[in-house]
Amino acid sequence: MKLKLLSVAIAATLASTAAIAADTQKEETIVVTGSALDTHIQTSIDSETLEQKQASDIKDILNTMPSVTVDGNARYSRKVFIRGMEDKYAVVTIDGARQEGQLFHHSGDQTIDPALLKVAEIELGANSALSGAGVINGSFSYETKDPDDLLKEGERFGARVKTNYQSAYERKGVNVSVYTKLNDQWQFMGIGHWSEDGDLYIPDHDKVSSKQGELKSGLAKLVYMPNDNNEFKLSVNHYSDGGKRQLSGEKNGALYADDEHKYNAISRDTVTFQHHYDAGSDLLNLKTQLYYNRQYMDRDQLTDVLWDKDANGDWIKDGKVDIPKREYNVTTVGGDIRNISWIGDHQITYGYEAYHAKQWIDAEDGKIVSGTRKGQTQKYAMDGGTVTAHGLYVQDMFEFSQFRLTTGLRYDIHQLGGVFDGNFSQLSPKFKGEYQATDELKLRVGYGRIFKGASLPEALTMKPAEKVKQSETKAMTGHNYEAGFDYNLTNLLASDRSIIGFTAYRYNVDNQIHPTKNNSTLSNQNDVHVWGVETVFTYSLSDFDLYANHSYSKGQETNLKTGVESQMNKTGIHNFKAGVKYHLDEDIVFGWDARYVPSNSYTDKSIDRKGKYSEEEIERKGFSTHNLWAAYNPSFAKDLTLNLAVDNLFNKKYAEHTGFGISWGSDKYTSYEAGRNLKASVAYEF
């Protein structure tokens, strides 16, 4: 029972640290739990602060996190990078539902609305057996709100209406929530959110009118608690972001300023069922999750150039074709069941997970209207690949003397089907070790064996079965190593709580595969090696909170086809982040968040299709940004909340160094981030 009590103590400590509002207020914490940020070391923002900062997309959620970068200047273009690689190498879940596959390589895939978010946990690295199958650089686990998170003490029914505006995106929106406690057993909640974007403002740049869009997001959740031992949750979550806009959201809008844009949308439907059974004993604490997740992209009909290849393999134009409406789909159906047992001083978690993912295109046939094939039809509907995965896992956390050891083991099976073929499996040990050297100093080490089977490639560039010439696809494998420390500064700085932590990590991935345009061969592309460091400092005293962190990663990739070794273009970037939060009184809270990314350069090495070797020096200009925010919840009208904020206070023209264009030295394609953004919202609870 020692570890069980310790877990409760840690949770209570973290909760009390986050609780800087009144005792009656409910707060959830977005916690970074990997390595140097484990347990005592975290930068956190609670769900209340997300609202105060008027978070409206994935960048607002993750922007203060170390080793995490989000680029793109439109909601549908946001791409997430963690420890030097894209989130395609992480596990992303929403209420436990895996987000598998890639819809389109010029748009992002993390479609989560902050208005629905209760908590998001970001785990850095691959050292936990509990993070799911296929973790390379980390995991993102999002959990949506419950009715009890919105109901006030003793309240049976409530409703909330919020309206907001953001100047840089000409973004206006309305959010309506209703929530009720029907009786002691049943609770229900419904949230609807509508938001519309107009022209995008970028400093020293023409307004971008080709990235307009409309967001429709909603959540319905039913909670049933028949007794003290059982809790059931059923949720339905919809997300749709679409408009008549450029298809390639991450590209520079100026490239499409004069085009006539057709409608396209990125959507997601997620249905989850969760059951938690706590028998009140040391042996049985069971959690079961079942889910259905569908991500899809809709494209309107259009007439376009018909491309073909000549005898030399070069692309040529061969007339035009009427293309019908198309819907590109990736569905994932799966589940996870796990139990926690306390046996002596051991906390043992063990379980089984499985999922099946498939991709397909739903469309009518197109008609070729000119060229050498005039009058013929072009087929657009097709089935793509499938993935069937199974995983068994066990993890034991054991504490003795000044040591805490967490050992884990996963056995994963990954099977490809549909237009692809392959069967991969691996036994992967995991380990985390902690040594409390002094009352203030804790030393940490970690190791994780990496295994990830080939994911489904990009849906938009899907190929019919007759055009798939699969290579000898191999699973991605490697090793993740970490070492670091935490030092408690609470007494030294005379604070309520203060801590500094540091982590150095190194991991490799053999036979790395990226899903973009990898539909014909599903080929392994590179061997990669990444190393990096993370430093985090937090400080709390009374009504004042401060955080500061620094992260850096450096990666090398060796092309498996040419043998050329070059720096990975999403690495070599220092990232400094800092912020404060201060409660002026019981009515007003305000804060500041800042980032500094210094200039950097690297040498890109490559061999073109004709076998010519080249080197190019790539330079990326540094930048700094500052955001201010404030919230007013007047004592005389506690149901009313007013929020004001300014993002990019000094109107800096800048681009994230992981972004399209700038990461590989093309100013033409660089998509600069939004300029000064004035934000305001008003909310009222009934």
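The values are calculated or read from the model by the stated rules, or taken from the named source; none is laboratory data. All figures in this text were calculated on a predicted structure; none of them were measured in a lab. Here Cβ is always computed from backbone atoms with ideal geometry, including for glycine, and neighbour counts include all displayed protein chains.
Please identify the pairs in which a residue from the range 387-410 that is more than 16 Å from residue 344 (Cα to Cα) and touching a residue at least 24 places away in the same chain (Cβ under 8 Å) has its Cβ atom under 9 Å from the Cβ atom of a residue that is hydroxyl-bearing (Ser, Thr, Tyr) and not in a strand (DSSP E or B), counting only partners at least 6 apart or on another chain.
387/455; 408/128
When the range 314-338 is examined, which residues are found to be of a type in the set (Asp, Glu) and at pLDDT below 95? Reasoning before the result, please.
Of the range 314-338, the ones of a type in the set (Asp, Glu) are 314, 318, 322, 327, 336.
The answer is 314, 318.
Can you work out which of the residues in the range 177-200 that are farther than 16 Å from residue 57 by Cα and within 25 Å of the chain's Cα centre (by Cα) is surrounded by the fewest Cβ atoms within 10 Å (Cβ to Cβ)?
Step one: list which residues in the range 177-200 are farther than 16 Å from residue 57 by Cα, which gives 177-191, 199.
Right, trim to within 25 Å of the chain's Cα centre (by Cα) and you get 177, 189-191.
Values: 177: 22, 189: 25, 190: 17, 191: 22.
Looking at the filtered set, the residue picked out is 190.
Could you count how many residues in the range 495-518 are under 24 Å from the mean Cα position of the chain (by Cα), not β-branched (Val, Ile, Thr) and not in a strand (DSSP E or B)?
First, the residues of the range 495-518 that are under 24 Å from the mean Cα position of the chain (by Cα): 501-518.
Keeping just the survivors that are not β-branched (Val, Ile, Thr) gives 501-502, 504-508, 510-512, 514-515, 517-518.
Cutting the leftovers down to not in a strand (DSSP E or B) gives us 514-515, 517-518.
Residues meeting the conditions: 4.
Would you point out the residue of the range 314-366, among those that are farther than 30 Å from residue 397 by Cα and of a type in the set (Asp, Glu), that is surrounded by the fewest Cβ atoms within 10 Å (Cβ to Cβ)?
Quick first cut of the range 314-366, residues farther than 30 Å from residue 397 by Cα only: 314-333, 356-366.
Now drop any that are not of a type in the set (Asp, Glu), which leaves 314, 318, 322, 327, 362, 364-365.
On the way: 314: 9, 318: 18, 322: 15, 327: 16, 362: 14, 364: 14, 365: 13.
Here the residue is 314.
Given 383, 362, 396, which one is under 24 Å from residue 283 (Cα atoms) and either at pLDDT 95 or above or in a strand (DSSP E or B) (or both)?
Values: 383 fails: under 24 Å from residue 283 (Cα atoms); 362 fails: under 24 Å from residue 283 (Cα atoms).
Among 383, 362, 396, only 396 is under 24 Å from residue 283 (Cα atoms) and either at pLDDT 95 or above or in a strand (DSSP E or B) (or both).
Spot the failing condition for residue 601; the list is (1) surrounded by fewer than 19 Cβ atoms within 10 Å (Cβ to Cβ); (2) touching a Ser or Thr at 6+ places or on another chain (Cβ under 9 Å); (3) among the small types (Gly, Ala, Ser), and only one is missed.
It is condition (2) that residue 601 fails.
Is it the case that some residue within the range 562-574 is in contact with a strand residue (DSSP E or B) (Cβ under 7 Å, 6 or more places away or on another chain), surrounded by fewer than 16 Cβ atoms within 10 Å (Cβ to Cβ) and in a strand (DSSP E or B)?
The answer is yes, given that some residue of the range 562-574 is in contact with a strand residue (DSSP E or B) (Cβ under 7 Å, 6 or more places away or on another chain), surrounded by fewer than 16 Cβ atoms within 10 Å (Cβ to Cβ) and in a strand (DSSP E or B).
Here is a check on your reading of the model: is residue 311 free of Cβ contacts under 8 Å to residues at least 40 places away in the same chain, of a type outside the set (S, T, N, Q) and either outside any strand (DSSP E or B) or closer than 30 Å to residue 242 by Cα (or both)? Break it down stepwise before answering.
Numbers: free of Cβ contacts under 8 Å to residues at least 40 places away in the same chain: yes; of a type outside the set (S, T, N, Q): yes; either outside any strand (DSSP E or B) or closer than 30 Å to residue 242 by Cα (or both): yes.
So residue 311 passes the test.
Of all residues in the range 671-680, which are under 25 Å from the mean Cα position of the chain (by Cα) and of a type in the set (Gly, Ala, Ser)?
Correct list: 671, 674, 675.
I need a count of the residues in the range 453-480 that are surrounded by 17 or more Cβ atoms within 10 Å (Cβ to Cβ) and assigned to a strand (DSSP E or B).
4
List the residue pairs whose Cβ atoms are under 6 Å apart, where the first residue sits in the range 437-450 and is under 15 Å from residue 404 (Cα atoms), the second is at pLDDT 95 or above and among the acidic types (Asp, Glu), and the two are 6 or more positions apart or on different chains.
Note: pairs meeting the criteria are 446/482.
Show the residue pairs that are 6+ apart or on different chains and have beta-carbon atoms under 6 Å apart, the first residue being within the range 607-625 and part of a strand (DSSP E or B), the second being among the aliphatic types (A, V, I, L, M).
Pairs that qualify, where the first residue is part of a strand (DSSP E or B) and the partner is among the aliphatic types (A, V, I, L, M), are 607/564; 613/607; 620/662; 623/597.
Name, by its number, the condition in (1) modelled with pLDDT of 95 or more; (2) polar (S, T, N, Q); (3) in a loop (DSSP other than H, G, I, E, B); (4) surrounded by fewer than 24 Cβ atoms within 10 Å (Cβ to Cβ) that does not hold for residue 131.
(4)
Here's a check for you: in the range 35-54, which residue that is among the hydrophobic types (A, V, I, L, M, F, W, C) and surrounded by 24 or more Cβ atoms within 10 Å (Cβ to Cβ) is modelled with the highest pLDDT? Show your work before the answer.
As a first pass, look at the range 35-54 and keep what is among the hydrophobic types (A, V, I, L, M, F, W, C): 36-37, 41, 45, 50.
With the extra rule that they be surrounded by 24 or more Cβ atoms within 10 Å (Cβ to Cβ), the set shrinks to 36-37, 41, 45.
On the way: 36: 39, 37: 70, 41: 41, 45: 60.
Taking the candidates together, the pick is 37.
Taking the residues in the range 420-452 that are under 28 Å from residue 379 (Cβ atoms) and touching a Leu at 6+ places or on another chain (Cβ under 9 Å) as candidates, determine which candidate is surrounded by the most Cβ atoms within 10 Å (Cβ to Cβ). Walk me through how you get there before you give the answer.
The first filter runs over the range 420-452 and keeps only residues under 28 Å from residue 379 (Cβ atoms), leaving 420-422.
Next cut, touching a Leu at 6+ places or on another chain (Cβ under 9 Å) only: 420, 422.
On the way: 420: 21, 422: 18.
Checking each candidate, the answer is 420.
Does residue 108 meet the test of being in a loop (DSSP other than H, G, I, E, B), on the phi > 0 side of the Ramachandran plot and not acidic (Asp, Glu)? Spell out how you get there, then give the answer.
Working: in a loop (DSSP other than H, G, I, E, B): yes; on the phi > 0 side of the Ramachandran plot: no; not acidic (Asp, Glu): yes.
It is false that residue 108 is in a loop (DSSP other than H, G, I, E, B), on the phi > 0 side of the Ramachandran plot and not acidic (Asp, Glu).
Is there any pair linking a residue in the range 223-243 that is within 26 Å of residue 56 (Cα to Cα) to one that is among the β-branched types (Val, Ile, Thr) and in a strand (DSSP E or B), with Cβ under 6 Å and at least six apart or on different chains, and which?
Matching pairs, first to second residue: 233/223; 235/272; 236/271; 237/270; 241/266.
Of everything in the range 513-529 that's out of contact with any Ser or Thr (no Cβ under 6 Å at 6 or more places or on another chain) and in contact (Cβ under 8 Å) with a residue 60 or more places away in the chain, which residue is nearest to residue 137 (Cα to Cα)?
Taking the candidates together, the pick is 528.
From the list 167, 217, exactly one residue is under 24 Å from the mean Cα position of the chain (by Cα), closer than 24 Å to residue 239 by Cα and of a type outside the set (A, V, I, L, M, F, W, C). Which is it? Working first, answer last.
Details: 167 fails: under 24 Å from the mean Cα position of the chain (by Cα).
Of the residues listed, the single one that is under 24 Å from the mean Cα position of the chain (by Cα), closer than 24 Å to residue 239 by Cα and of a type outside the set (A, V, I, L, M, F, W, C) is 217.
When you go through 159, 168 one by one, which is the residue that is part of a loop (DSSP other than H, G, I, E, B), among the hydrophobic types (A, V, I, L, M, F, W, C) and under 20 Å from residue 113 (Cα atoms)?
Values: 159 fails: part of a loop (DSSP other than H, G, I, E, B).
Exactly one residue qualifies, and that residue is 168.
Determine whether residue 148 is assigned to a helix (DSSP H, G or I) and either closer than 25 Å to residue 224 by Cα or at pLDDT below 95 (or both).
Answer is yes for this residue.
So which residues in the range 580-598 are buried (at least 16 other Cβ atoms within 10 Å of the Cβ) and closer than 29 Å to residue 661 by Cα?
593, 594, 595, 597
Answer with yes or no whether residue 227 is surrounded by 19 or more Cβ atoms within 10 Å (Cβ to Cβ) and farther than 26 Å from residue 672 by Cβ.
On the way: surrounded by 19 or more Cβ atoms within 10 Å (Cβ to Cβ): no; farther than 26 Å from residue 672 by Cβ: yes.
Taking the combined requirement at face value, the residue does not satisfy it.
Within the range 287-311, take every residue that is of a type in the set (A, V, I, L, M) and touching a strand residue (DSSP E or B) at 6+ places or on another chain (Cβ under 9 Å) and give me the one that is farthest from residue 381 (Cα to Cα). Spell out the reasoning first.
Restricting attention to the range 287-311, the residues satisfying the condition of being of a type in the set (A, V, I, L, M) are 290, 297, 302, 305-306, 311.
From what is left, the residues that are touching a strand residue (DSSP E or B) at 6+ places or on another chain (Cβ under 9 Å) are 290, 297, 302, 305-306.
Numbers: 290: 29, 297: 14, 302: 16, 305: 19, 306: 17 Å.
Ranking the candidates gives 290 first.
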